[in-house]
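Engineer: Pasting in a structure now, in structure tokens, and then I'll have a few things to ask.
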Amino acid sequence: MSLPKNFNTAEIEQKWYNFWIENKFFHSEPNEKEPYTIVIPPPNVTGVLHMGHILNNTIQDVLIRRARMQGKNACWIPGTDHASIATEAKVVNKLKQQGISKFDIGREEFMKHAWEWTHEHGGIILKQLRTLGASCDWDRTKFTLDDDLYQSVIKVFIDLYNKGLIYRGIRMINWDSEAKTAVSDEEVEYKETPGHLYHVRYKLTDSDDFVVIATTRPETILADTAICVNPNDERFKHLHGKKVIVPIINRKVPIITDEYVDMEFGTGCLKITPAHDPNDYEIGIKHNLEVIDIFNNDGTLNEKAEFYIGKTLVEARKLIMKDIIAAGLHEKTEDYMHKVGYSQRTNVPVEPKISMQWFLKMEELAKPALENVINDNIRFFPEMFKNTYKHWMENVRDWNISRQLWWGHQIPAYYIKDSNDFVVAANTQEALELAIQKTKNNSLTINDLKQEEDVLDTWFSSWLWPISVFNGINEPDNADINYYYPTNVLATGHDIIFFWVARMVMSGYEYKNQFPFKDVYFTGMVRDDQRRKMSKQLGNSPDPLDLIAKYGADGVRVGMLLCSPAGGDLLYKDELPEQGRNFANKVWNAARLVTSWNVENVEQPASSKVAIDWFNAKLNKAIEEIEQQYQTYRLSEALMTIYKLFWDDFASWYLETVKPAYGKPMDTKTFEDTKTIFDSLLRILHPFMPFVTEEIWQNLYVRKNSETIVFAEMPKAKKYNDELIYKFENVKSIISNVRKIRLEKQIKFSEAIKLSFNLIEGDYDNYFDEIIIKNCNLETIEYTDEKIQGAVSFIVKNVEYYIPLADNINIEEEIEKLQKELEYNRGFLTGVMKKLSNERFVNNAPPKVVEIEKQKQTDAENKIKALEEQIANLKG
């Protein structure tokens with residue numbers, strides 16, 4: 001069937017995606033086949049598609065489609081994450097616009113609003129992924145607040161608590177005053193921020209002398225409970241044991257000594273604020289200092305500050321410095337660049353804060369998770385991220401798992417009325433039974449219990465994802481978990497290696513005693529061509545759906561993968577999907593050419609037979625290379641191998657060689673062989689470009705109604721003649737040289753010319769002569785044992801070729817051209833000889849590499865000799 005001139009991407013994409021879905025080609029159930037499983041990194045439930053999603057999900061789709069074509073039972077689990085902080089913030093903001101506070105309506109009513117928001121805005125991103133061609137098993141779509149996943153999280157919390165790994169305690173945590181919740185250390189991003197270093201005087205209590213401290217946060221002076229100096233600092237030994245007066249608040253505090261203090265930083269005197277600095281907190285515990293928390297949860301000052309109550313930290317900073325200057329206690333102020341921690345969720349500075357929180361002990365959980373990455377039971381691609389992972393795991397800290405939010409998995413702890421005690425249970429009834437056992441008070445009722453208000457960190461549900469999507473926590477021995485787990489590969493951004501990857505590995509070994517995935521493919525960040533992160537504020541982040549509408553899904557997929565090495569950032573520009581679209585058009589036009597031929601039962605030309613032999617060798621070598629590239633997750637290289645094979649070798653050389661002359665028929669043998677080759681090309685290309693390949697594949701042969709390239713067998717490499725491939729590269733050079741001479745000398749292609757050759761050394765291989773004759777429109781290729789006068793010549797390997805031009809040759813121009821070529825080859829030879837004269841290179845390089853360099857030397861010497869003779873010949 002002939003194909004239309006234009007490739008209508010939108011029409012074809014919708015047609016084939018509907019066809020795949022209606023036939024449930026992406027659905028998987030356990031069977032006798034080898035499973036191949038991927039779980040999607042769940043995007044925020046109310047999120048929309050961005051460029052990072054396009055890259056990551058294209059990679060997953062390439063891998064899962066290839067697995068189907070290898071005959072495996074491929075299962076790609078889609079789903080979304082409830083995203084506690086982000087979703088709650090949106091719902092709170094919506095209610096605020098209606099003049100409603102979440103605390104006014106209470107938890108139950110607020111949760112109704114949150115679910116309404118989720119049902120209204122949730123799942124959009126999964127629908128958008130369909131436009132990309134994502135071949136997920138949509139029947140298995142999961143959400144981290146689904147009943148079974150919810151119960152999995154609660155069950156794990158209870159289990160870890162009963163094992164003594166979860167505890168409740170007062171600790172210094174990171175506080176997000178915008179979201180009004182704690183955030184983990186991994187959710188804090190440190191940025192170089194311009195600020196000031198304020199030098200402030202603290203007067204001694206027993207004299208008019210003073211010490212000077214340097215601080216970037218003068219507002220915390222109101223919470224100071226000590227001044228600390230290094231015991232080895234000679235400047236301050238006379239102050240040991242004395243007291244100073246804290247400015248403004250006039251609190252008397254001791255001067256203590258601790259080797260923690262850096263004598264070289266600032267003034268050498270350190271103000272100690274245990275409630276608002278993690279290091280000060282540790283010193284405070286060590287020296288039994290008072291802890292004064294002066295911050296409200298919304299980032300304003302509370303009554304304990306005594307001054308500037310209700311003011312924001314920035315406002316308080318300005319006011320206290322004004323008062324310090326007025327009191328004559330200001331020494332100086334310096335400009336200062338320092339790292340400030342920002343919440344990744346809200347992009348506001350986090351505040352160190354003392355708080356009662358729930359924590360998970362990580363040390364024991366981390367041991368098998370570290371060991372099995374270091375010993376390559378779990379493989380990282382690229383491997384460099386092993387060091388990053390190792391450093392974090394060896395220095396892992398307990399995980400703050402509680403969040404002061406309502407949207408999420410409510411912590412299953414129940415506080416007993418009129419006591420400081422609590423129990424941990426799956427539900428209220430179980431909690432009551434445990435409370436009665438614990439207190440030995442049989443008169444307790446459900447009304448005497450109050451469940452913990454806090455929810456669990458979103459990552460506490462995500463870390464179970466590869467297990468919980470198969471219900472492996474609630475039913476540890478069910479058919480799905482036994483068949484699909486462990487999964488094969490996780491494709492994710494390296495920015496969540498700690499949040500998610502490391503923790504999934506921990507939960508995998510804790511609950512299945514096995515890794516959750518064999519391989520981890522780390523994608524890079526998608527940035528603009530100035531290496532900036534994509535963001536709405538910068539206006540440098542295109543809408544992926546607009547790109548798909550403009551360039552087609554296949555074009556966008558190819559554009560994103562052409563220059564995206566594992567772990568390396570992708571520098572996006574519109575030329576990338578444009579290049580992808582152009583490639584899709586190239587494939588389409590090649591198909592139009594092949595399906596337009598008038599086929600008759602005529603004799604096969606010799607040139608076509610040779611071309612078929614050559615291209616089959618080239619194809620099988622490419623399939624072999626592509627398999628190796630897949631094995632090491634060099635997907636961009638695999639795509640580029642296919643891209644070059646199709647564009648350079650198939651379209652530019654093979655089709656040009658086998659296509660019949662204008663008005664002539666195509667012979668049946670070449671036509672059938674070409675269709676077979678095209679079919680193989682479509683199959684290896686399909687994982688990258690599913691839509692255009694399905695459309696062409698369906699039209700290449702008569703197909704059954706339910707037949708699809710989705711399950712077509714992926715070609716395997718057969719034995720091939722490498723010598724054939726190598727020699728054809730020389731053929732390309734011969735044809736290119738002849739075409740160049742035709743162009744330079746303005747010889748029409750319709751005018752047949754003669755080509756003569758002379759051997760510099762060795763033998764002549766005439767196997768490809770028919771291809772050269774056809775592609776160059778030659779009368780003959782003849783041997784000559786002497787130089788041909790009045791001819792333009794060129795050299796390929798051991799053969800010098802001549803095209804007689806009689807009066808058409810300009811001797812001066814020809815000499816000038818040959819002279820330039822001679823100079824180039826002399827320079828090339830010098831470089832080769834430099835390598836070969838280097839003993840270190842000759843002794844250490846693989847023998848094959850040295851042999852290649854020696855062959856380059858021989859070829860260059862022959863070419864130089866021939867060029868010198870040509871120039872001398874022309875000069876007469």
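Engineer: Compute the convex hull volume of the Cα atoms of the chain, divide it by the residue count, and report the result per residue in Å³ as a whole number.
Structural biologist: On the way: hull volume 212.4 nm³, N = 876.
Residue-normalised Cα hull volume stands at 242 Å³.
Engineer: Suppose accessible area is computed on protein heavy atoms with a 1.4 Å probe; arrange Y281, Y484, Y824 from highest to lowest.
Structural biologist: Descending accessible area places them as Y824, Y281, Y484.
Engineer: On the first, second and third principal axes, largest extent first, how far apart are the outermost C-alpha atoms of the stretch 344-392 in Å?
Structural biologist: Computed over the stretch 344-392, the largest-to-smallest principal extents equal 39, 26, 14 Å.
Engineer: With N set to the residue count of the stretch 744-793, report its C-alpha Rg divided by 2.2 N^0.38 Å to two decimal places.
Structural biologist: 1.23
Engineer: Another question, if that's okay. Within the set of other residues whose C-beta is less than 12 Å from the C-beta of L874, count the net charge using Lys and Arg as +1 and Asp and Glu as -1. Before the final figure, lay out each step's value.
Structural biologist: Values: positive: K787, K817, K875; negative: E812, E813, E814, E816, E868, E869.
Neighbour charge sum, excluding L874 itself: -3.
Engineer: What number in nm² do you get for the stretch 536-664 if you take the convex hull of its Cα atoms and divide its surface by four?
Structural biologist: 10.1 nm²
Engineer: Computed from the mean reciprocal separation of all distinct C-alpha pairs, what Kirkwood hydrodynamic radius does the stretch 195-269 have, in Å?
Structural biologist: 12.5 Å
Engineer: While we're looking at this one, here's another question. About its Cα centre, how strong a charge dipole does the stretch 1-100 have in debye, to the nearest 20, once Lys and Arg get +1 and Asp and Glu get -1 at the Cβ?
Structural biologist: It works out to roughly 200 debye.
Engineer: Related question: Can you work out the accessible area per residue across the stretch 354-513, with the rest of the protein chains kept in place, probe 1.4 Å, in square angstrom? Don't skip to the end; give the middle numbers.
Structural biologist: Values: 6510 Å² over 160 residues.
Value returned for the stretch 354-513: 41 Å² of accessible area per residue.
Engineer: Any idea what log10 I(q)/I(0) is at q = 0.20, 0.23 Å⁻¹ for the stretch 687-737, Debye with uniform C-alpha scatterers and no solvent?
Structural biologist: -0.77, -0.83
Engineer: Can you find, among Y511, A83, N162, the residue sitting farthest towards the positive end of the charge dipole of the chain, where Lys and Arg contribute +1 and Asp and Glu -1 at Cβ?
Structural biologist: Result: A83.
Engineer: Are there any trypsin sites (Lys or Arg not before Pro) in the stretch 1-31 that are in a DSSP loop and have at most 13 other Cβ atoms within 10 Å? List them by number.
Structural biologist: K5, K24
Engineer: Rounded to the nearest 20 debye, what is the charge dipole size of the stretch 333-485 about its Cα centre when +1 sits on each Lys and Arg Cβ and -1 on each Asp and Glu Cβ? Don't skip to the end; give the middle numbers.
Structural biologist: Values: 14 positive and 22 negative charges, 33 e Å.
My answer is approximately 160 debye.
Engineer: What is the magnitude of the charge dipole of the chain about its Cα centre, with +1 placed on the Cβ of each Lys and Arg, -1 on the Cβ of each Asp and Glu, and no other charges, expressed in debye to the nearest 20?
Structural biologist: Working: 107 positive and 130 negative charges, 127 e Å.
The dipole of the chain has a size of about 600 debye.
Engineer: D for the stretch 522-606, whole µm²/s, Stokes-Einstein with Kirkwood Rh over alpha-carbon pairs at 4 °C and 1.567 mPa s: what number? Walk me through the numbers on the way to the answer.
Structural biologist: On the way: Rh = 15.1 Å.
The calculation lands on 86 µm²/s.
Engineer: Still on this structure: Of the accessible area of the stretch 207-339, with the probe set at 1.4 angstrom, what percent is carbon plus sulfur?
Structural biologist: The value for the stretch 207-339 is 49 percent carbon and sulfur by accessible area.
Engineer: For H196, H53, write out the residues from largest to smallest accessible area, computed with a 1.4 angstrom probe and no ligands counted. Walk me through the intermediate numbers first.
Structural biologist: On the way: H196 75, H53 40 Å².
From most accessible down to least: H196, H53.
Engineer: Angle check, please: helix 575-596 long axis (alpha carbons) against the longest principal axis of the chain (alpha carbons), in degrees 0 to 90, nearest 10.
Structural biologist: Around 40 degrees separate the two axes.
Engineer: Considering only the other residues whose Cβ falls under 12 Å of the Cβ of T668, what net charge follows from Lys and Arg at +1 and Asp and Glu at -1?
Structural biologist: -3
Engineer: Still on this structure, please answer the following. With just the Cα atoms defining each centre, how far is the stretch 180-233 from the stretch 721-754? Give it in Å.
Structural biologist: So the two Cα centres are separated by 77 Å.
Engineer: Over its Cα atoms, what ratio of radius of gyration to 2.2 N^0.38 Å does the stretch 66-114 give?
Structural biologist: The value comes to 2.02.
Engineer: Among N482, I436, I496, which residue has its Cα furthest toward the positive end of the charge dipole of the stretch 408-567, with +1 on Lys/Arg Cβ and -1 on Asp/Glu Cβ?
Structural biologist: Toward the positive end, the furthest listed residue is I496.
Engineer: Take the alpha-carbon positions of the stretch 55-203, form their convex hull, and give its projected area averaged over all directions (one quarter of the hull surface) in nm².
Structural biologist: 17.1 nm²
Engineer: With a 1.4 Å probe and all protein chains left in place, how much accessible area per residue does the stretch 628-690 have, in Å²?
Structural biologist: Details: 2220 Å² over 63 residues.
So the stretch 628-690 comes to 35 Å² accessible per residue, rounded to a whole number.
Engineer: Here is a further query. List the GluC sites (Glu not before Pro) in the stretch 222-279 that DSSP assigns to loop (not H, G, I, E or B) and whose Cβ has at most 16 other Cβ atoms within 10 Å. Which are they? All intermediate terms of the calculation are to be shown ahead of the outcome.
Structural biologist: Working: sites: E234, E259, E264; in loops: E259, E264.
For GluC sites (Glu not before Pro) across the stretch 222-279 that sit outside H, G, I, E and B with at most 16 neighbouring Cβ atoms in 10 Å, the list reads E259, E264.
Engineer: Shifting gears a bit: For the stretch 5-96, compute the orientation-averaged projected area of the C-alpha convex hull (one quarter of its surface), in nm².
Structural biologist: If you wrap the Cα atoms of the stretch 5-96 in a convex hull and average its projections, you get 9.3 nm².
Engineer: A follow-up question, please. Which whole-number value in Å³ per residue fits the convex hull of the alpha carbons of the stretch 134-197? Don't skip to the answer; put the middle values down first.
Structural biologist: Numbers: hull volume 13.7 nm³, N = 64.
Output value, Cα hull per residue: 214 Å³.
Engineer: What fraction of the Cα pairs in the stretch 678-763, stated in percent, has a spacing above 21 angstrom?
Structural biologist: 60 percent
Engineer: Please list, by residue number, every one of the GluC sites (Glu not before Pro) in the stretch 294-391 that is coil in DSSP and has at most 13 other beta-carbon atoms within 10 Å.
Structural biologist: Numbers: sites: E303, E306, E315, E331, E334, E363, E364, E371, E383; in loops: E306, E383.
The qualifying sites are E383.
Engineer: Additional query: If I compute solvent accessible area with a 1.4 Å probe over the protein chains, what percent of it on the stretch 445-553 is carbon and sulfur? Let's see the in-between values first.
Structural biologist: Details: 1880 of 4080 Å².
Of the solvent-accessible surface of the stretch 445-553, carbon and sulfur hold 46 percent.
Engineer: If you don't mind, there's one more thing I want to ask. Rg and Dmax of the stretch 410-473 over Cα atoms: what are they, in angstrom?
Structural biologist: Rg then Dmax for the stretch 410-473, in Å: 14.5, 43.
Engineer: Here's a follow-up. Compute the helix-to-body angle for 102-121: its Cα long axis versus the longest principal axis of the chain, expressed 0 to 90° and rounded to tens.
Structural biologist: For 102-121 against the chain, the angle is about 10 degrees.
Engineer: Taking the stretch 601-696, how much of its Cα-Cα pair set, in percent, is spaced more than 22 angstrom apart? If you can, show how the numbers build up before the last one.
Structural biologist: On the way: 1506 of 4560 pairs.
More than 22 Å apart: 33 percent of the Cα pairs in the stretch 601-696.
Engineer: Per residue, how many Å² of accessible area does the stretch 698-842 show with a 1.4 Å probe?
Structural biologist: Normalised by residue count, the accessible surface of the stretch 698-842 is 61 Å².
Engineer: Still on this structure: Using only the alpha carbon atoms of the stretch 333-463, find the Kirkwood hydrodynamic radius as the inverse mean reciprocal pair distance, in angstroms to one decimal.
Structural biologist: 18.6 Å
Engineer: Calculate for the chain the 222 nm mean residue ellipticity that helices alone would give, adding -39,500 (n - 2.57) per DSSP H run of length 4 or more and normalising by residue count, nearest 500 deg cm²/dmol. Intermediate values should be presented prior to the final figure.
Structural biologist: Numbers: 28 runs with 374 residues, N = 876.
It lands at -13500 deg cm²/dmol.
Engineer: Restricted to Cα positions, what overall size does the stretch 158-226 have along the principal axes? Three whole-Å values, descending.
Structural biologist: 60, 33, 18
Engineer: Mind ordering 249-258, 758-767 by average Cβ neighbours within 10 Å, highest first?
Structural biologist: Final packing ranking: 249-258, 758-767.
Engineer: Still on this model: I need two numbers for the stretch 446-518: Rg to one decimal and Dmax as a whole number, Cα atoms only, in Å.
Structural biologist: 14.8, 48
Engineer: Let me ask you something else. Expressed as an acute angle from 0 to 90° and rounded to the nearest 10, what is the orientation of the C-alpha long axis of helix 635-644 relative to the principal long axis of the chain?
Structural biologist: 20 degrees
Engineer: If one computes the Cα centroid of the stretch 482-540 and of the stretch 238-289, what distance in Å separates the two points?
Structural biologist: 42 Å
Engineer: Picking from W175, S152, H121, whose Cα lies most toward the positive end of the charge dipole for the stretch 106-229 (charges on Cβ: Lys, Arg +1; Asp, Glu -1)?
Structural biologist: Farthest towards the positive end: S152.
Engineer: Under a 1.4 angstrom probe, counting protein chains only, how are E186, E32, E11 ranked by accessible area, largest first? Could the numbers behind the result be given before it?
Structural biologist: Numbers: E186 40, E32 160, E11 120 Å².
Reading off the accessible areas and sorting them downward yields E32, E11, E186.
The values are calculated or read from the model by the stated rules, or taken from the named source; none is laboratory data. Small disclaimer: the values here were computed from a predicted structure and weren't measured. When we count neighbours, we look across all protein chains shown, and the Cβ atoms used for this are built from the backbone with ideal geometry, even at glycine. Accessible surface areas use protein heavy atoms only, side chains included; no ligands, DNA or RNA. Shrake-Rupley method; radii C 1.70, N 1.55, O 1.52, S 1.80 Å.
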